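Presented below is the structure to which this report refers.
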Amino acid sequence: MTTGPSRIFDEFAKLMTDAAGAAQGFKKEAETAFHAQADRWLNSLDLVKREEFEAVKEMAVKARDENDALKARIEALEARLAAQD
């Protein structure tokens, strides 16, 4: 059995190792709790995810382009009708 200063250092090293493990566990629990609370808070704000926003934005651009093309087509048809009169 180890005695004297060597045993004290061994016990101190074990204590520090245990303390470091406990600190890491606490850090992980605190991060998990923080992320869960942040998720709940963000969900309560009724925000839209970036991917969903970009998808809807793309759909709106496509719809606007289609509307512009249809408007030009209608104007061309109206001009042909007016020319026939």
Helix-derived mean residue ellipticity, 222 nm - over the chain, DSSP H n ≥ 4, -39500 (n - 2.57), to 500: -32500 deg cm²/dmol
Sticking with the crude label model, points 7 Å out along Cα→Cβ, report the distance from VAL56 to ALA82 in nm, one decimal please. 3.8
Entry for Rg/Rh (Cα atoms, Kirkwood Rh) (calculated from the structure that is shown) out of [x] 0.93; [y] 1.09; [z] 1.71: [z]
Would you mind checking the tilt of helix 5-44 against the longest principal axis of the Cα atoms of the chain, expressed as 0 to 90 degrees and rounded to 10? 20
For the chain, longest principal axis from Cα atoms; helix 50-84 axis from its Cα atoms; angle between them, nearest 10 degrees, is 0
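Any read-out appearing in this document is the output of simple, stated calculations on the displayed coordinates, not a laboratory observation. What you see is a predicted model, and the numbers here were worked out from it, not measured in a lab. Positions of Cβ are generated from backbone atoms using ideal geometry, with glycine treated the same way; all protein chains shown enter the neighbour counts.
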